[in-house]
Amino acid sequence: GTWFREELTAYDRPHSYTYLIVRSFPPFNHEGGTLTFTTVGDGTRVNWLTNYTHSAAAGGKALEAVTRRLLRPNFLAILNACAKALEK
């Protein structure tokens, strides 16, 4: 039920990239996000940091409480799917 339109704002291959969500549903104010990649043994550790708020009209703090609980497992699912695709 959500979607995002993002712009990459910085790219330091293969170490990191930074992005900004410019449109989304539900709407929110995105302060930016960064993914950082660090080699760990035979794999890669991904640190995914993002900051955002929802306006009062979109649900404010109540919607933030819901979306914060949903984002982590969804981000982990994305990373797990990427890992499985790379292992093929």
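Which condition does Val40 not pass, out of (1) more than 19 Å from Phe75 (Cα to Cα); (2) among the β-branched types (Val, Ile, Thr); (3) in contact with a Leu (Cβ under 7 Å, 6 or more places away or on another chain), if it passes all the others?
(3)
For the structure I just gave you, tell me whether Arg72 is out of contact with any helix residue (DSSP H, G or I) (no Cβ under 9 Å at 6 or more places or on another chain) and not in a helix (DSSP H, G or I).
Working: out of contact with any helix residue (DSSP H, G or I) (no Cβ under 9 Å at 6 or more places or on another chain): yes; not in a helix (DSSP H, G or I): no.
It is false that Arg72 is out of contact with any helix residue (DSSP H, G or I) (no Cβ under 9 Å at 6 or more places or on another chain) and not in a helix (DSSP H, G or I).
Can you name the residue in region 1-24 that is among the small types (Gly, Ala, Ser) and more than 19 Å from Arg45 (Cβ to Cβ) and is also surrounded by the fewest Cβ atoms within 10 Å (Cβ to Cβ) among such residues?
Going residue by residue through region 1-24, those that are among the small types (Gly, Ala, Ser) are 1, 10, 16, 24.
Now narrow it down to the ones that are more than 19 Å from Arg45 (Cβ to Cβ): 1, 10, 24.
On the way: Gly1: 5, Ala10: 11, Ser24: 16.
Looking at the filtered set, the residue picked out is Gly1.
Looking at the structure I just gave you, is Thr34 at negative phi, part of a strand (DSSP E or B), in contact with a Lys or Arg (Cβ under 7 Å, 6 or more places away or on another chain) and surrounded by 11 or more Cβ atoms within 10 Å (Cβ to Cβ)? Reasoning before the result, please.
On the way: at negative phi: yes; part of a strand (DSSP E or B): yes; in contact with a Lys or Arg (Cβ under 7 Å, 6 or more places away or on another chain): no; surrounded by 11 or more Cβ atoms within 10 Å (Cβ to Cβ): yes.
Here the answer is no, as Thr34 does not meet what is asked.
Going residue by residue through region 54-69, is there one that turns out to be exposed (fewer than 11 other Cβ atoms within 10 Å of the Cβ) and either among the polar types (S, T, N, Q) or part of a loop (DSSP other than H, G, I, E, B) (or both)?
No, the conditions are met nowhere in region 54-69.
Residues in region 13-31 that are assigned to a loop (DSSP other than H, G, I, E, B) and under 30 Å from Glu87 (Cβ atoms): how many?
Selection size over region 13-31: 3.
So which residues in region 39-50 are open to solvent by 70 Å² or more (accessible area, probe 1.4 Å) and touching a residue at least 12 places away in the same chain (Cβ under 8 Å)?
Asn47, Leu49
The values are calculated or read from the model by the stated rules, or taken from the named source; none is laboratory data. The structure presented is a predicted model; accordingly, all values stated were derived computationally and were not measured. Cβ atoms come from the backbone with ideal geometry, glycine included; neighbour counts cover every protein chain shown. Quick note on the areas: whole protein, heavy atoms, side chains included, nothing else; ligands and nucleic acids left out. Shrake-Rupley method; radii C 1.70, N 1.55, O 1.52, S 1.80 Å.
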